[in-house]
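*Asks:* Next up is a structure, given as structure tokens.
The values are calculated or read from the model by the stated rules, or taken from the named source; none is laboratory data. It should be emphasised that the depicted structure is a prediction, and the values quoted were computed from it without experimental measurement. In this analysis, Cβ positions are derived from the backbone assuming ideal geometry, glycine residues included, and neighbour counts consider all displayed protein chains.
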Amino acid sequence: MIDRNLGDLLQTIEVVPPVRIAASANGSGIDIRDYVGDMKVILSSSAGGGTTPTLDVKLQDSADNSTFGDISGAAFTQVTDAADLTEAINIDADAVKRYVRVVETITGTSPTFDRAIVAVGVKKVR
């Protein structure tokens, strides 16, 4: 019998680093083939400045890390200058394609946001 505990298998993945952003962008694909079951993706953000800034964040998947499409139900609540937001959504690592990325869309006049996105998932037992 292999001695394993959840601490050995539960992993945190930095999806996008904690930085101030000022423009819309697509993140890099993260390979999740070594994960199983539900993954929790956590967005922590706040408006840094600008006039009527908004930030929309969603997740997309891809089989080849080239052509991406939206994951159904994998969009966060819109971030505005009204309040900070910390929100978690779940994706099923067994149901989505091999690569997952973040798409961030910013609007407003000179908008900036401070944000970080991490995922927590369980590694497959080998």
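*Asks:* Any residue that is over 16 Å from the mean Cα position of the chain (by Cα) and under 22 Å from Thr109 (Cα atoms) - is there at least one of those in the range 19-38?
*Replies:* yes
*Asks:* When you scan the range 35-46, do you find a residue that is polar (S, T, N, Q), out of contact with any helix residue (DSSP H, G or I) (no Cβ under 6 Å at 6 or more places or on another chain), in a loop (DSSP other than H, G, I, E, B) and at pLDDT 95 or above, even just one? So that I can check it myself, show each step before the final result.
*Replies:* Kept after step one, since they are polar (S, T, N, Q), are these residues of the range 35-46: 44-46.
Okay, now just the ones that are also out of contact with any helix residue (DSSP H, G or I) (no Cβ under 6 Å at 6 or more places or on another chain), so 44-46.
Among the residues that remain, those that are also in a loop (DSSP other than H, G, I, E, B) are: none.
Checked against the condition, which is being polar (S, T, N, Q), out of contact with any helix residue (DSSP H, G or I) (no Cβ under 6 Å at 6 or more places or on another chain), in a loop (DSSP other than H, G, I, E, B) and at pLDDT 95 or above, the range 35-46 yields no hits at all.
*Asks:* Limited to the range 49-73, what total is found for residues that are touching a Ser or Thr at 6+ places or on another chain (Cβ under 9 Å), part of a strand (DSSP E or B) and crowded, with 16+ Cβ neighbours inside 10 Å? First the steps, then the outcome.
*Replies:* Narrowing the range 49-73 to residues touching a Ser or Thr at 6+ places or on another chain (Cβ under 9 Å): 49-58, 65, 68-69.
Restricting the remaining residues to those that are part of a strand (DSSP E or B) gives 49-58, 69.
Applying the additional criterion that residues be crowded, with 16+ Cβ neighbours inside 10 Å yields 50, 53-55, 57-58.
Total satisfying the criteria: 6.
*Asks:* Identify, please: which residue in the range 74-85 is assigned to a strand (DSSP E or B) and modelled with pLDDT of 95 or more and is, among those, farthest from Arg33 (Cα to Cα)? I'd like the intermediate steps shown before the answer.
*Replies:* Pass one, the range 74-85, residues assigned to a strand (DSSP E or B): 74-75, 79-80, 85.
Narrowing the set further to residues that are modelled with pLDDT of 95 or more leaves 74-75.
Numbers: Ala74: 18, Ala75: 21 Å.
Among those that are assigned to a strand (DSSP E or B) and modelled with pLDDT of 95 or more, it is Ala75.
*Asks:* Within the range 86-106, track down each residue that is in contact (Cβ under 8 Å) with a residue 60 or more places away in the chain and either farther than 26 Å from Leu10 by Cβ or outside any loop (DSSP other than H, G, I, E, B) (or both).
*Replies:* As a first pass, look at the range 86-106 and keep what is in contact (Cβ under 8 Å) with a residue 60 or more places away in the chain: 93, 96, 98-106.
If the condition is that a residue be in contact (Cβ under 8 Å) with a residue 60 or more places away in the chain and either farther than 26 Å from Leu10 by Cβ or outside any loop (DSSP other than H, G, I, E, B) (or both), then Tyr99, Val100, Arg101, Val102, Val103, Glu104, Thr105, Ile106 are the ones that fit.
*Asks:* Out of (1) surrounded by 12 or more Cβ atoms within 10 Å (Cβ to Cβ); (2) of a type in the set (S, T, N, Q); (3) modelled with pLDDT of 95 or more; (4) not in a loop (DSSP other than H, G, I, E, B), the odd one out for Gln11 is which?
*Replies:* In the conditions (1) surrounded by 12 or more Cβ atoms within 10 Å (Cβ to Cβ); (2) of a type in the set (S, T, N, Q); (3) modelled with pLDDT of 95 or more; (4) not in a loop (DSSP other than H, G, I, E, B), Gln11 misses (3) alone.
Here is a yes/no grid of residues against (1) under 16 Å from Gln60 (Cα atoms); (2) surrounded by fewer than 15 Cβ atoms within 10 Å (Cβ to Cβ):
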residue: Ala82; (1), (2): no, yes
residue: Ala88; (1), (2): yes, yes
residue: Ala93; (1), (2): yes, no
residue: Lys97; (1), (2): yes, no
residue: Arg101; (1), (2): yes, no
residue: Ile106; (1), (2): no, no
residue: Ser110; (1), (2): no, yes
residue: Arg115; (1), (2): no, no
residue: Val120; (1), (2): no, no
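*Asks:* Return yes when Val16 is aliphatic (A, V, I, L, M) and either at positive phi or at pLDDT 95 or above (or both) and no when it is not. Walk me through how you get there before you give the answer.
*Replies:* Working: aliphatic (A, V, I, L, M): yes; either at positive phi or at pLDDT 95 or above (or both): no.
When the stated conditions are applied, Val16 does not pass them.
*Asks:* Give me the pairs: first residue in the range 13-33 and closer than 14 Å to Ser66 by Cβ and of a type outside the set (A, V, I, L, M), second residue assigned to a loop (DSSP other than H, G, I, E, B) and modelled with pLDDT of 95 or more, beta-carbon distance under 8 Å, and six or more apart or on different chains, which are they?
*Replies:* Taking only residues 6 or more apart or on different chains, the pairs are Asn26/Phe68; Gly29/Asn65; Gly29/Phe68; Asp31/Asn65; Asp31/Arg98.
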